[in-house]
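Reviewing the structure listed below.
Any read-out appearing in this document is the output of simple, stated calculations on the displayed coordinates, not a laboratory observation. A quick note: this is a predicted structure, and the numbers were derived from the prediction, not measured. Positions of Cβ are backbone-derived with ideal geometry, glycine not excepted, and every protein chain shown enters the neighbour counts.
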């Protein structure tokens, strides 16, 4: 039994009554009245709790499904009251690694009042900061008695395992966006004659590129018609090209940036790029490496490949190991003989520390199209652009500016070797990478 606030108030009232009797009559009588009043209150509280126990509410948690990292994920509890109204305190034992700080609707413990014979769904949100498998505990319930004297507390068995995936919500939104853009982009590209694959012939229209006129087809039409219907070749971007993503899970990727590890930001960029590639009809492959290739998925087409990528990447965590760029590139060359876009997602400190990376990516040209993607810490940018008023701030800004300068030197060396480069803050890396890939496709650089 858990006494309610009303019980404490009545106990205090009994003590005050006894104190008054002790002052005006005698101490023994006052003490006796205090004991009798408090005992009566406690007996009523016990009876209130026992009476409430026979009419407990029913509560359950709906299946949790797949949770997304760094997102507000909704959890739903279904509560059903008995023959009497119920005032409840509910605490759901979600994993300790989660937070509910971003919740705007309800915070634990949930305080609700239900009319009799009512079923209600109650929502709250959790905000996972890590991927992987977590244990979800039982549901703790307190129900206030009809007289408001005692809480009846118990646990509802609801232990389960839950998986936290990469940002699946963001991937679904990106898929919808790309699908809508694709239909319009394909129409525009055909109208403008952008692409390399032949689709059909049609009559020339104002604005068409004269270089796309098919003179042989036009000549055949002249032989069967008195007019001159110029025939134009309709082209579209080439499909079934190959995109291979190499994701570094080594030492530099363990650093925490904006609440997540740099590896998690890179993982999300990997999946976003994969969504874009599969949406455009390309074959997408994946390699995750540190000192050796940890995971390898050969290039495949279709949405089923995305499911394979998500399931393969979800349990992987970064390690404090120096990455072997040469080993990763060597493995890729053995597996992929045809030309492909090779996107390596990692981080760079300076040209000296990244010599192996520079040499490994340079080895891919000109047979492949290498693309180095690095994840920049926005805190370094803010520090480099901050106005300083003291010596400590000036020193911090100088260090940040030097870091950015060293990165630019490394990028310049990569570009000299024919490597494409993208360096963006972690929050923007996925969007900028997808946009860059789509531009490469439109320009037929693959």
Exercise. Specify the inter-centroid distance of the range 50-119 and the range 370-407, based on alpha-carbon positions, in whole Å.
Key: 46 Å
Quiz item: How would you rank 427-434, 244-251, highest first, on the average number of other Cβ atoms within 10 Å across their residues?
Solution: 244-251, 427-434
Exercise. At 7 Å along the Cα-to-beta-carbon direction for both residue 387 and residue 334, put a label point, then send me their distance in nm to one decimal.
Key: 5.8 nm
Quiz item: For the chain, what does -39500 (n - 2.57) per DSSP helix run (n ≥ 4), summed and divided by total residues, give at 222 nm, in deg cm²/dmol to the nearest 500?
Solution: -13500 deg cm²/dmol
Quiz item: With a ≥ b ≥ c the root eigenvalues of the C-alpha gyration tensor of the range 55-101, is it rounded (a/c under 1.5), prolate (a/b larger than b/c) or oblate?
Solution: prolate
Quiz prompt | Mean Cβ neighbour count within 10 Å, used as a protection proxy, ranking 50-62, 312-324 highest first | solution = 312-324, 50-62
Quiz item: Based on the alpha-carbon gyration tensor of the range 315-367 and its eigenvalue square roots a ≥ b ≥ c, which shape applies: rounded if a/c is under 1.5, prolate if not and a/b is larger than b/c, or oblate?
Solution: oblate
Practice problem: Arrange the peptides 381-390, 38-47 so that the one whose residues have, on average, the most other Cβ atoms within 10 Å appears first. | Solution: 38-47, 381-390
Quiz item: Taking the DSSP beta bridges in the chain as the whole, what percent of them are antiparallel, to the nearest 5?
Solution: 65 percent
Exercise. Give me the distance between the Cα centres of the range 311-349 and the range 125-145, rounded to whole Å.
Key: 36 Å
Practice problem: Among DSSP beta bridges lying fully in the range 242-442, give the percent that are antiparallel, nearest 5. | Solution: 25 percent
Exercise. Using only Cα atoms, locate the centre of the range 4-40 and the centre of the range 422-446, then give the distance between them in Å, rounded to an integer.
Key: 77 Å
